Amino acid sequence: MTRPSLWWVGRDLRLADNPALSAAAAAGPVIPVAVLDDATVPPGAAAQWRLGQSMHSLDARLRDLGSRLVVRRGDARTTLAGLLADTGAQAIHLCDPHPFFAVPQGLPLVLHPANNLMASGTLATGAGTPYRRFTPFWKSLRARPIAAPLDTAPVPAPADWPAGLDPADWDLGAAMNRGAAVLARHARIGEAAARQRLDAFLADSLSAYGTDRDRPDRPLGTSGLSDALALGEISARSIWHAVLDRGGPGAETFLSELGWRDFARDLMRHSPDMGRQNWNRDWDGFPWQADNPQAEAWRRAQTGIDMVDAGMREMYVTGRMHNRVRMIAASFLTKHLLTDWRVGTRWFDDTLIDWDPASNAMNWQWVAGSGPDAAPYFRVFNPDSQGDRFDPSGRYRAHWLTGPGADAFAEAAPRAWRVDPRRRPPPVVTLAAGRQRALEAYAIARR
Ligand SMILES: Cc1cc2nc3c(=O)[nH]c(=O)nc-3n(C[C@H](O)[C@H](O)[C@H](O)COP(=O)(O)OP(=O)(O)OC[C@H]3O[C@@H](n4cnc5c(N)ncnc54)[C@H](O)[C@@H]3O)c2cc1C
């Protein structure tokens, strides 16, 4: 009988349009495997929980097909070498997991295209250098054909199964404590749910995406697919082609958002430390403040600024935050509170279920001013006027500050925070004074 291949699921937990699975299945029996180690599991509690949920969903789907997900814990290289020895497998197939983790060396690993529109690092300026601005990157990407998605692959079972952890022992939600039950009410898990979400978005929301995408009070205004994309429950190129086929208003704007995702990955390929260092090193002398009590109030949704606190609560409860509100919350931390963007990135790392190291780092640096194509530092969002503009009836803020969202936040938050969900604290800073302080710091740093 043909020797089996290992399909290392990495961050591509789907059967449709999965180049690694398709290649493994074409070679013979397939053993789907996942490895739990510090390098391959996300650092944050919410992202770990979401990965665990996705693995359970994939395992259930595989079991329906007569297969299963074999999970082992330990250093990836040693664990995979052990699986090769136990199974006699001929190769390990994996979709390029950048930016989530680096591929271990010294294994018979066959690397397949990442879940991107275009492989990171392939687009370059006329001078052969990486793109540093989004618009030319996007023009170049948009002008190229994006590969059509592959069909759903079969998963032929091996004659024998290697031992793996019992699913009850995967333990990926442990750090969430009480918050896991709250998150679970909001999350849509797995490949089928992602496809349903895409179909509903195409039918009901794509045509108004150009305007609704900025409206946190319209929760169905955006696709809500970012966590499914981060886990690879759906492929970016299958979304791309579905949107192109549907066409009409909203389609081009939506495609360009997928382009931002590819841009972030491309930047991180060229600047792997983008999550730790200012992308623009001219910012190294900027007087950011280290972590501080006001930043702690920001984390706890207790700044007294409604739009910021509403967004921070949305993230704590659902593991996601509307993009417009992410920008407002990030701007408030880095400008009104003059706090280092890395303080914010770390909190998002810990609380987002759609955590993506490249998108998170690029967007934080974009807001802070130190990133590629960044918003100019002197453009300081006023959270109140942003709220009036993008949440005109106040529905979004009311939901999180005084409505059911406030109760959900009290349920999810650590007891040590002693959340009194409807109490509004006085502002940690007046908006005018915070803005002024930020502009003065910027003026001094520029000199
Ligand atoms: C400070 C900050 C941190 C962020 N951190 C993350 C993160 O960790 N993970 C993450 O996936 N997104 C991040 N984003 C980008 C964006 O907020 C989310 O992708 C978006 O809110 C997801 O909602 P959606 O799927 O409904 O998006 P839609 O509007 O439906 O967009 C479709 C897809 O395009 C991609 N996309 C959209 N906007 C962006 C963007 N600005 N940058 C990169 N990709 C984008 C996402 O994959 C998204 O799912 C961050 C933005 C900010 C301002």
Report task. Could you tell me whether region 40-55 includes any residue that is surrounded by 24 or more Cβ atoms within 10 Å (Cβ to Cβ) and among the β-branched types (Val, Ile, Thr)? Result -> no
Counted residues in region 404-441 being over 19 Å from Ala329 (Cβ atoms) and open to solvent by less than 40 Å² (accessible area, probe 1.4 Å) come to 2
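Is it the case that region 229-243 has a residue that's farther than 14 Å from Asn116 by Cα, within 9 Å of the ligand (Cβ to nearest atom) and open to solvent by less than 40 Å² (accessible area, probe 1.4 Å)?
Quick first cut of region 229-243, residues farther than 14 Å from Asn116 by Cα only: 242-243.
Filter again for within 9 Å of the ligand (Cβ to nearest atom), leaving none.
No, there is no match, as no residue in region 229-243 is farther than 14 Å from Asn116 by Cα, within 9 Å of the ligand (Cβ to nearest atom) and open to solvent by less than 40 Å² (accessible area, probe 1.4 Å).
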request  = Determine whether region 350-360 contains at least one residue that is in contact (Cβ under 8 Å) with a residue 24 or more places away in the chain and more than 22 Å from Ala175 (Cα to Cα).
outcome  = yes
Condition check for Ser223: open to solvent by less than 20 Å² (accessible area, probe 1.4 Å) and farther than 25 Å from Ala358 by Cα | no
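Could you please give the count of residues in region 179-201 that are open to solvent by 30 Å² or more (accessible area, probe 1.4 Å) and either away from the ligand (no atom under 13 Å from the Cβ) or in contact with a helix residue (DSSP H, G or I) (Cβ under 9 Å, 6 or more places away or on another chain) (or both)? If you could, list the steps in order and put the result at the bottom.
Our first condition is that a residue be open to solvent by 30 Å² or more (accessible area, probe 1.4 Å); within region 179-201, this holds for 181, 184-186, 188-189, 191-192, 195-196, 199-200.
If we keep only those that are either away from the ligand (no atom under 13 Å from the Cβ) or in contact with a helix residue (DSSP H, G or I) (Cβ under 9 Å, 6 or more places away or on another chain) (or both) as well, we get 181, 184-186, 188-189, 191-192, 195-196, 199.
So the count comes out to 11.
It is to be established whether one or more residues within region 158-178 are of a type in the set (Lys, Arg) and assigned to a helix (DSSP H, G or I).
Just the residues of region 158-178 that are of a type in the set (Lys, Arg), to begin with: 178.
From what's left, assigned to a helix (DSSP H, G or I): none.
No; the residues of region 158-178 include none that is of a type in the set (Lys, Arg) and assigned to a helix (DSSP H, G or I).
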Restricting region 381-400 to residues that are charged (D, E, K, R) and out of contact with any Lys or Arg (no Cβ under 7 Å at 6 or more places or on another chain), the one nearest to Ser331 (Cα to Cα) turns out to be Asp384
Of the residues in region 269-281, those that are open to solvent by 20 Å² or more (accessible area, probe 1.4 Å), touching a residue at least 40 places away in the same chain (Cβ under 8 Å) and touching a helix residue (DSSP H, G or I) at 6+ places or on another chain (Cβ under 9 Å) come to Arg269, Gly275, Arg276, Trp279, Asn280
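For the structure I just gave you, tell me whether Leu150 is open to solvent by 20 Å² or more (accessible area, probe 1.4 Å), touching an Asp or Glu at 6+ places or on another chain (Cβ under 7 Å) and either assigned to a helix (DSSP H, G or I) or under 21 Å from Arg11 (Cβ atoms) (or both). So that I can check it myself, show each step before the final result.
Values: open to solvent by 20 Å² or more (accessible area, probe 1.4 Å): yes; touching an Asp or Glu at 6+ places or on another chain (Cβ under 7 Å): yes; either assigned to a helix (DSSP H, G or I) or under 21 Å from Arg11 (Cβ atoms) (or both): yes.
So Leu150 passes the test.
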Reported set for region 202-214 where residues are in a helix (DSSP H, G or I) and either open to solvent by 40 Å² or more (accessible area, probe 1.4 Å) or without any contact (Cβ under 8 Å) to a residue 40 or more places away in the chain (or both) is Ala203, Asp204, Ser207, Gly210, Thr211, Asp212
Screening Leu80, Leu65 for residues that are open to solvent by less than 10 Å² (accessible area, probe 1.4 Å) and among the hydrophobic types (A, V, I, L, M, F, W, C) leaves only Leu80
Cβ pairs under 6 Å, 6+ apart or interchain, first in region 315-333 and in the same structural domain as Val429 (by TED's automatic domain parsing), second of a type in the set (D, E, K, R) and near the ligand (Cβ under 9 Å from one of its atoms), ordered by first then second residue, are Arg320/Asp354
Residues that are more than 10 Å from the ligand (Cβ to nearest atom) and not in a helix (DSSP H, G or I): does region 345-359 have at least one?
no
Heads up, the strands (runs of 3 or more DSSP E) in region 51-137 (entirely inside) with at least 1 residues that are among the charged types (D, E, K, R), modelled with pLDDT of 95 or more and assigned by TED's automatic domain parsing to the domain that holds Val35 are 70-73
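The values are calculated or read from the model by the stated rules, or taken from the named source; none is laboratory data. Computed from a predicted structure; not experimentally measured. Don't worry about glycine lacking a Cβ; one is built from the backbone with ideal geometry, like all the others, and counts go over all protein chains shown. Ligands, DNA and RNA are excluded from the accessible area calculation, which covers all protein heavy atoms including side chains. Shrake-Rupley method; radii C 1.70, N 1.55, O 1.52, S 1.80 Å.
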